[in-house]
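What follows is a set of notes on a single structure, which appears directly below.
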Amino acid sequence: MACTCHNSWADITATRLVNCCYNESSGLWINELAWQSGNTLETLANFVSLLNSSLRYVFYQTFIKTDMFVGGVCYDDYQWWLLGWIQAYNADPNINYLYRAADIYDIVAEKAWNTTTCDGGIQWCPTNLYKNAITNELFLLSSMRLYPYAILLGKPSTYYLDWALKEWQWFENSGMIKSDYMINDGLKSA
């Protein structure tokens, strides 16, 4: 006999999240910074993936009401949304969600990776060369999550895997990971 208590909990939580906090006219959640709504999109997609829920409409509503740059001006902001769109696609396979995630990824890979500061890595913002842990960890995670979809997205099969390995190699050698495996917030050029 299957336990429905987890599905009930997920359904109640997801429904409250949408009914109490979702702004249909903006496609964002109220009382959040725009980048945080990318996290909330991913959370809702996690709930919806457990259910056969009519709340899937929120993904499309959010898609049509927002653009790739809704999260903010920095590359970590973009990537919270990137991860949200990947999970939305996993919960409701509308290829447009995956394309949106890949488009955001391409912007980050093309514009944020640079070797002029700290020999590589993803910089925090377009106007700030600071390399921080979160922005680079998000890029590593995004690379890994997009890897299974490379062919579907018209990329060589190892495109995202190659980026993941390049990012990890840089991150591991960057000096951000201390000997006790604690991670520094970031690096600055001397």
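Brief remarks on what is shown
- From the alpha carbon centroid of segment 153-175 to that of segment 7-74 is 29 Å.
- Rg ratio (alpha-carbon, reference 2.2 N^0.38 Å) - the chain: 1.10
- Amide H partners (placed H, <5 Å) of G186, local residues excluded: A133
- Based on Cα contacts under 8 Å between residues 6+ apart, the chain shows a relative contact order of 16 percent.
- Rounded to the nearest whole Hz, the Karplus-based 3J(HN,Hα) values (6.51 cos²θ - 1.76 cosθ + 1.60, θ = phi - 60°) of segment 168-181 follow the sequence 4, 4, 5, 4, 4, 9, 6, x, 6, 8, 7, 4, 8, 6, with x at glycine and proline.
- For the pair L165 and Y99 in one chain, pulling the backbone fully straight at 0.36 nm per residue adds 21.5 nm over the alpha carbon distance.
- Cβ-derived FRET efficiency at R0 35 Å, R16 paired with E110, nearest 0.05: 0.35
- Long-range amide H partners of L28 with built H, under 5 Å: N23
- Farthest positive-ward along the chain dipole, Cα basis, beta-carbon charges - from T117, M68, L129: M68
- Close Lys pairs in segment 5-187 (alpha-carbon distance under 28 Å; sequence gap of 8 or more, or different chains): 11.
- Amide H within-cut-off set for C125, under 5 Å, with H built and near neighbours excluded: Y75, Y130
- Considering only L51, G175, Y22, the residue lying farthest towards the positive end of the dipole of segment 5-187 is L51, judged by Cα position with unit charges set on Cβ.
- The helix-only estimate of mean residue ellipticity at 222 nm for the chain, built from DSSP H runs of length n ≥ 4 each weighted as -39500 (n - 2.57), is -18500 deg cm²/dmol after division by the residue total.
Each value in this text was obtained by applying a stated rule to the coordinates, not by laboratory testing. Fair warning: this is a prediction, and the values are worked out from it, not measured in the lab. With ideal geometry, Cβ positions are generated from the backbone for all residues, glycine too; neighbour counts draw on all protein chains shown.
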